[in-house]
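Student: First the structure, then my questions, so here it is.
The values are calculated or read from the model by the stated rules, or taken from the named source; none is laboratory data. In this text, all values refer to a predicted model and were calculated from it rather than measured experimentally. Please note: Cβ atoms are built from the backbone with ideal geometry, for glycine as well, and neighbour counts cover all protein chains shown.
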Amino acid sequence: MPTIIDAYAWIEYFKGTSQGEVVKEHLDKEGAYTPINVLADVYYFFKRINRDFDFALKVIKSKSDIYDFNEDEWLQSVEIKHELRKKMKDFGIMDALVMACAENLKGALSLVIRISKTRIMLFF
């Protein structure tokens with residue numbers, strides 16, 4: 001079963017945190033995917049800290065396959081967002097795209113859920 005790596009997971013990986021170590025374990029297995037929209041969030045993180053994104057992009061591409069979306073998957077993400085927004089007010093389209101990727105690849109999902117300003121990484 002492939003692992004879908006989201007932006008927060010990549011950021012923790014590059015920071016070298018304990019959560020990043022968990023991500024590393026999943027990356028060391030075969031079948032990791034990074035949805036293409038995640039690159040924007042990771043790029044923004046590197047821009048904010050004034051670091052070289054090219055290095056990060058090379059690592060991401062070497063450790064995972066980049067997953068691009070087709071039109072149906074974009075529309076699917078809107079349905080996902082619409083449903084989950086009823087329960088989580090800050091659930092965005094970027095998160096919904098990651099979930100659409102996981103549904104379409106039948107993969108495990110690395111997803112960040114914000115709970116009272118804390119972030120918890122879940123793998124399911």
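Student: For residues that are among the hydroxyl-bearing types (Ser, Thr, Tyr) and surrounded by 23 or more Cβ atoms within 10 Å (Cβ to Cβ), scanning just the stretch 4-17, find the one that is modelled with the lowest pLDDT.
Tutor: Tyr8
Student: While we're here: Could you figure out which of (1) closer than 20 Å to Leu105 by Cα; (2) surrounded by fewer than 15 Cβ atoms within 10 Å (Cβ to Cβ); (3) within 13 Å of the chain's Cα centre (by Cα) isn't true of Pro35?
Tutor: Against the list (1) closer than 20 Å to Leu105 by Cα; (2) surrounded by fewer than 15 Cβ atoms within 10 Å (Cβ to Cβ); (3) within 13 Å of the chain's Cα centre (by Cα), Pro35 comes up short only on (2).
Student: List every residue pair whose Cβ atoms lie under 6 Å apart, where the two residues are 6 or more positions apart in sequence or sit on different chains, the first residue falls within the stretch 13-32 and is within 15 Å of Val59 (Cα to Cα), and the second residue, located anywhere, is β-branched (Val, Ile, Thr).
Tutor: Going by the 6 Å Cβ cut-off, the qualifying pairs are Tyr13/Val23; His26/Thr3; Ala32/Thr3; Ala32/Ile5.
Student: Could you list, ordered by first residue, the pairs with Cβ atoms under 8 Å in which the first is in the stretch 94-107 and within 10 Å of Ser77 (Cα to Cα) and buried (at least 18 other Cβ atoms within 10 Å of the Cβ) and the second is of a type in the set (Lys, Arg) and at pLDDT 85 or above, at least 6 apart or interchain?
Tutor: Asp95/Lys81; Ala96/Lys81
Student: Applying the selection to the stretch 62-93, what residues are touching a Ser or Thr at 6+ places or on another chain (Cβ under 8 Å) and without any contact (Cβ under 8 Å) to a residue 40 or more places away in the chain?
Tutor: Correct list: Asp65, Ile66, Phe69, Ile93.
Student: Let me ask something else. In the stretch 61-82, how many are touching a helix residue (DSSP H, G or I) at 6+ places or on another chain (Cβ under 7 Å) and among the basic types (Lys, Arg)?
Tutor: Total satisfying the criteria: 2.
To keep it simple, each residue is scored yes or no on (1) modelled with pLDDT of 95 or more; (2) out of contact with any Lys or Arg (no Cβ under 9 Å at 6 or more places or on another chain); (3) over 21 Å from Met1 (Cβ atoms).
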{"position": "Gln19", "(1), (2), (3)": "no, no, no"}
{"position": "Asn37", "(1), (2), (3)": "no, yes, yes"}
{"position": "Tyr43", "(1), (2), (3)": "yes, yes, yes"}
{"position": "Ser64", "(1), (2), (3)": "no, yes, no"}
{"position": "Glu71", "(1), (2), (3)": "no, yes, yes"}
{"position": "Arg85", "(1), (2), (3)": "no, yes, yes"}
{"position": "Ile93", "(1), (2), (3)": "no, no, yes"}
{"position": "Leu109", "(1), (2), (3)": "no, yes, no"}
